[in-house]
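J.: Sharing a structure, written as structure tokens. Questions coming.
The values are calculated or read from the model by the stated rules, or taken from the named source; none is laboratory data. All values derive from a computational prediction rather than experimental measurement. Virtual Cβ from ideal backbone geometry, glycine too; neighbours counted across all protein chains shown. Ligands, DNA and RNA are excluded from the accessible area calculation, which covers all protein heavy atoms including side chains. Shrake-Rupley method; radii C 1.70, N 1.55, O 1.52, S 1.80 Å.
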Amino acid sequence: MVDRRPSSILISEAQLRTRVAEMAAQIRAEYPDNVHIIAVLKGAFMFMSDLVRHMDGSVSMDFMALSSYAKGTTRSGEVRLLKAVDTTLDGKDVLIVEDIVDTGLTLTYLQEILRARNPRTLRTACLLSKPSRRKVDVQVEFIGFTIEDQFVVGYGLDYRDRYRNLLRLWCRLAPPLQRTRAPRRACTGCRTAQGTHFTNVPPRWWLPLW
Ligand code: IMP
């Protein structure tokens, strides 16, 4: 399987900071008393922690973990519950906090199982949305950024569990250095019976930018 790495910035730290603060204010205005936030692990951990830091007053929190079967950047649409919520949702104003809505299958599944637990209200906040990829019509009340159909990493989002730590959102996952058409240079003093041995030498501008 080809490994890939992020190669260009889609959303900067400053843009994320500004938008997340705006979303927090919008959410607080909708829930002036209390809101029970349920963040979806692992992708939403950074978004959720920045979001609640911008919210004064009362907020309660819980976490759920789901796995949607994925092969690299493509997903099968099958969703499995790995961790359920710890407390009752009876009569609570619940806000799901998710990293990204892509096909919408994960959120549809999540909303169904949470609705069955009788919250007073149930709404959803997503940092990112890829509307062109939608397979089901899912309701998302708060959206941070609408993006094109491209795979993104950073700010909690991963590629094979890597890059969640990056502070900006990156896109355009480039093929690995050894698979790119790197200039081939003869190894010094490395002549074999088959002829000169060549090696791919990545130029300096291919080094990761973070
Ligand atoms: P959906 O069920 O297709 O809407 O997919 C939702 C889940 O897929 C998200 O919670 C992410 O974990 C993952 N996902 C979808 N697109 C991306 C992406 O561009 N980067 C990283 N993860 C993604």
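J.: Below 14 angstrom from the Cβ of E13, what's the summed charge of the other residues (Lys, Arg +1; Asp, Glu -1)?
T.: +2
J.: With a 1.4 Å probe and all protein chains left in place, how much accessible area per residue does the stretch 89-183 have, in Å²? All intermediate terms of the calculation are to be shown ahead of the outcome.
T.: On the way: 4630 Å² over 95 residues.
So the stretch 89-183 comes to 49 Å² accessible per residue, rounded to a whole number.
J.: Taking 30 Å as R0, compute the FRET efficiency from the Cβ-Cβ separation of S7 and M61 and round it to 0.05. Don't jump to the answer; show the numbers that get you there.
T.: Details: r = 34 Å, r/R0 = 1.15.
It comes out at approximately 0.30.
J.: Based only on Cα atoms, what mean projected area does the convex hull of the stretch 1-136 have, in nm²?
T.: Numbers: hull surface 36.6 nm².
The number I arrive at for the stretch 1-136 is 9.2 nm².
J.: What is the antiparallel percent of DSSP beta bridges lying wholly in the stretch 41-156, to the nearest 5?
T.: 30
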